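**Q** Submitted below is the structure of interest, expressed as structure tokens.
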Amino acid sequence: MSSNGQLTAHNLPDAFVRRMREQLPDADAFFDALQTASPVSIRLNPAKLSAPDTPFFRDTVVSEVPWCRHAYYLDKRPVFTLDPCLHGGGYYVQEASSMFLDRILRQILPASPVRALDLCAAPGGKSTLLSAALPPDSLLVANEVIRSRAAILKENLIKWGADNIVITNSDPSEFAALPDSFDLILVDAPCSGEGMFRKDEKAVTEWSERNLLLCSERQQRILDNIWNSLKPGGYLVYSTCTYNPAENEEMLRHLLTRHDARSIAVEYPAEEAIVPTSHGYQFYPHRIQGEGFFIGVVQKQTGNTTSPTPKRSKRNTPRLPEELQRMLPPEGAWTCYVRDNIFGILPARHADFIEELEKHLHILYKGTELAEVNGRKIRLQPSLALYPYLNKEAVTCRKVDLPSALRYLKKEDITVDAPAGAWVLITYNSIGLGWGKSVGNRLNNYYPKEWRIRMNTD
Ligand code: SAM
């Protein structure tokens, strides 16, 4: 770093600078771009926000991200923690280059439901994108091998309100028990992070040629482990946030030469300045408004297309208490389950497959948890408040202003007028944030303590 904290070719690792100069005819412009601030971008949750017009960023939206639906650049980075809509899953703050996944999905996804796997999913940026982009009635399995990171993934996906999901905490090798199971697999691989140099100082200090080698060995292992779980005819999307060809191009080449993959070209307008490589697409910060990123897609050659359908098992579907039933959309295609006294729903058409997943993977969460039921006592779950299809007619809702919303999210007491004993859905800008239980003019705050805002918001 230079004395003013900026990256220049002089304070980056020599071997990296040398390679980038070989790789890029306009390397000076690349190094200059590393000294500029990172663009700020957000992606709206179409189930919760239809336009970027919340009070928080209405005046800062400058343009759309050209390759992604519902995505916008802002002209400055606000303190996002202070926006209740973020906590309510109204949008996700995501670096723009990685949103190119949306362009790819629009090209390769059929209109019919699919089963998708996001293998390296935490903290959940691409899982939230996938969950919004998959055809209706699809299933998304979001997996993260590192337990602490899986908890963050779970929080982000519950806030997003995705209901067709299963969150797992398994090693890629554990998917060997699930051959020909997914129509789409995303491997957003752990990498050397060169594309994040501008945003993350640690990526610079941890960079070494030895680490590049370890990364590519790990990436190859991950791809070899997961390839069998892709259905014939299915697509594997591979991405990293690095410029290192050994972690990018070479990994796609590995799939094409060692596995039965064929390369898929992505259609995009050439003026978008995304650099095609032989099998993928490289994003550079001096060419586009975004960080360094690589993405490519391959298709498994069609062979045996009959993938094993798990046998329909006879399960005793529990009866959902009437009070909860009323809170759900009337014609939901879901089935009910109970786990540790928690009633939840999951997509009925995927119930057998989810049962199969449970035999082989460590499942942290599935579908939408509704409530913990102990005898006649019902404790509504945070996920039900964040569920975008909650029937708000069937619950007591209270709209709160910004200071009250922030106090609620800090798990402090707030005052609302509701009948004593009623469960109250706290909403801000029409987005559900969480539950409270009315005790007259005060509210017992049921916001999860591990999610609470810890910063001073005054
Ligand atoms: N897809 C995420 C998103 O868009 O928010 C970012 C994923 S990040 C680039 C890579 C993830 O791979 C990390 O969460 C990391 O914990 C996980 N990971 C690390 N080692 C792994 C391994 N051996 N197999 C699978 N995943 C691994």
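The values are calculated or read from the model by the stated rules, or taken from the named source; none is laboratory data. The structure presented is a predicted model; accordingly, all values stated were derived computationally and were not measured. Note that we place each Cβ from the backbone using ideal geometry, even for glycine, and neighbour counts take in every protein chain shown. Note: accessible area is taken over every heavy atom of the protein model, side chains too, but ligands, DNA and RNA are not part of it. Shrake-Rupley method; radii C 1.70, N 1.55, O 1.52, S 1.80 Å.
**Q** Can Glu291 be described as crowded, with 16+ Cβ neighbours inside 10 Å and touching a Pro at 6+ places or on another chain (Cβ under 9 Å)? Spell out the reasoning first.
**A** On the way: crowded, with 16+ Cβ neighbours inside 10 Å: yes; touching a Pro at 6+ places or on another chain (Cβ under 9 Å): yes.
Taking the combined requirement at face value, the residue satisfies it.
**Q** Considering Ala385, Ala351, which residue is farther than 22 Å from Tyr447 by Cα, in contact with a Phe, Trp or Tyr (Cβ under 9 Å, 6 or more places away or on another chain), assigned to a helix (DSSP H, G or I) and of a type outside the set (Val, Ile, Thr)? Quick ask: steps written out before the conclusion?
**A** On the way: Ala385 fails: farther than 22 Å from Tyr447 by Cα.
One residue alone meets the criteria, Ala351.
**Q** Sticking with this structure for a sec: Testing Asn341 on (1) without any contact (Cβ under 8 Å) to a residue 40 or more places away in the chain; (2) within 23 Å of the chain's Cα centre (by Cα); (3) open to solvent by 70 Å² or more (accessible area, probe 1.4 Å), one condition comes back false. Which one is that?
**A** Unmet for Asn341, out of (1) without any contact (Cβ under 8 Å) to a residue 40 or more places away in the chain; (2) within 23 Å of the chain's Cα centre (by Cα); (3) open to solvent by 70 Å² or more (accessible area, probe 1.4 Å): (2).
**Q** Report yes if some residue within segment 90-105 is more than 15 Å from the ligand (Cβ to nearest atom) and either in contact with a helix residue (DSSP H, G or I) (Cβ under 7 Å, 6 or more places away or on another chain) or under 28 Å from Arg454 (Cα atoms) (or both); otherwise report no. Can you show your working first?
**A** Step one: of segment 90-105, the residues more than 15 Å from the ligand (Cβ to nearest atom) are 90, 103.
Those still in the list that are either in contact with a helix residue (DSSP H, G or I) (Cβ under 7 Å, 6 or more places away or on another chain) or under 28 Å from Arg454 (Cα atoms) (or both) too: 90.
Within segment 90-105, one or more residues are more than 15 Å from the ligand (Cβ to nearest atom) and either in contact with a helix residue (DSSP H, G or I) (Cβ under 7 Å, 6 or more places away or on another chain) or under 28 Å from Arg454 (Cα atoms) (or both).
**Q** Are there strands (runs of 3 or more DSSP E) fully within segment 1-91 with at least 2 residues that are more than 30 Å from Lys154 (Cβ to Cβ)? List them. Walk me through how you get there before you give the answer.
**A** Values: elements: 40-44, 61-64, 71-74.
Passing ranges, in order: 61-64.
Residue-by-condition table, conditions (1) open to solvent by less than 20 Å² (accessible area, probe 1.4 Å); (2) in contact (Cβ under 8 Å) with a residue 60 or more places away in the chain:
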position	(1), (2)
Asn316	no, no
Pro329	no, yes
Gly367	yes, yes
Ala385	yes, no
Pro388	no, yes
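**Q** Additional query: Sort through Val141, Val79, Val145 and tell me the only one that's open to solvent by 10 Å² or more (accessible area, probe 1.4 Å), within 16 Å of the ligand (Cβ to nearest atom) and of a type in the set (A, V, I, L, M, F, W, C). Give the derivation first.
**A** On the way: Val141 fails: open to solvent by 10 Å² or more (accessible area, probe 1.4 Å); Val79 fails: within 16 Å of the ligand (Cβ to nearest atom).
Only one candidate passes the filter, namely Val145.
**Q** I need a count of the residues in segment 159-204 that are more than 15 Å from the ligand (Cβ to nearest atom) and either more than 21 Å from Ala261 (Cα to Cα) or assigned to a loop (DSSP other than H, G, I, E, B) (or both).
**A** Summing the residues that are more than 15 Å from the ligand (Cβ to nearest atom) and either more than 21 Å from Ala261 (Cα to Cα) or assigned to a loop (DSSP other than H, G, I, E, B) (or both) in segment 159-204 gives 11.
**Q** Of (1) touching an Asp or Glu at 6+ places or on another chain (Cβ under 6 Å); (2) open to solvent by 10 Å² or more (accessible area, probe 1.4 Å), Ser97 satisfies all except one. Which?
**A** (2)
**Q** Another question, if that's okay. When the residues of segment 318-327 are narrowed to those that are in a loop (DSSP other than H, G, I, E, B) and open to solvent by 80 Å² or more (accessible area, probe 1.4 Å), which ends up modelled with the lowest pLDDT? Let's see the steps before the verdict.
**A** To start, the set of residues in segment 318-327 that are in a loop (DSSP other than H, G, I, E, B) comprises 318-321, 326-327.
With open to solvent by 80 Å² or more (accessible area, probe 1.4 Å) added as a condition, the list becomes 319, 326.
Details: Arg319: 87, Arg326: 94.
Residue satisfying both the conditions and the ranking: Arg319.
**Q** Same structure, new question: Filter the strands (runs of 3 or more DSSP E) completely within segment 408-449 down to those with at least 2 residues that are in contact with a helix residue (DSSP H, G or I) (Cβ under 6 Å, 6 or more places away or on another chain). Full working, then the answer.
**A** Values: elements: 423-428, 431-439, 442-445.
Result: 423-428, 431-439.
**Q** What number of residues in segment 106-116 are hydrophobic (A, V, I, L, M, F, W, C) and either in a helix (DSSP H, G or I) or within 12 Å of the ligand (Cβ to nearest atom) (or both)?
**A** Going residue by residue through segment 106-116, those that are hydrophobic (A, V, I, L, M, F, W, C) are 108-109, 111, 114, 116.
Among the residues that remain, those that are also either in a helix (DSSP H, G or I) or within 12 Å of the ligand (Cβ to nearest atom) (or both) are: 108.
So the count comes out to 1.
**Q** Pairs, please: C-beta under 6 Å, at least 6 apart or cross-chain, first residue free of Cβ contacts under 8 Å to residues at least 40 places away in the same chain and in segment 253-279, second among the basic types (Lys, Arg)?
**A** Short answer, once both residue conditions are applied: Ala273/Arg287.
**Q** Does Ala422 count as under 24 Å from Gln325 (Cβ atoms) and in contact with an Asp or Glu (Cβ under 9 Å, 6 or more places away or on another chain)? Before you say what the answer is, go through the steps one by one.
**A** Numbers: under 24 Å from Gln325 (Cβ atoms): yes; in contact with an Asp or Glu (Cβ under 9 Å, 6 or more places away or on another chain): no.
Judged against the criteria, Ala422 is not a match.
**Q** Every residue in segment 117-138 that is within 13 Å of the ligand (Cβ to nearest atom), on the phi < 0 side of the Ramachandran plot, outside any helix (DSSP H, G or I) and crowded, with 20+ Cβ neighbours inside 10 Å, please.
**A** Listed by number, the residues that qualify are Leu117, Asp118, Leu119, Cys120, Ala121, Ala122.
**Q** In segment 205-238, which residue that is among the polar types (S, T, N, Q) and open to solvent by 10 Å² or more (accessible area, probe 1.4 Å) is nearest to the ligand (Cβ to nearest atom)?
**A** Pass one, segment 205-238, residues among the polar types (S, T, N, Q): 205, 208, 211, 216, 219-220, 225, 228-229.
Then drop every residue that is not open to solvent by 10 Å² or more (accessible area, probe 1.4 Å), which leaves 205, 208, 211, 216, 220, 225, 228.
On the way: Thr205: 18, Ser208: 17, Asn211: 13, Ser216: 13, Gln220: 11, Asn225: 8, Asn228: 16 Å.
Here the residue is Asn225.
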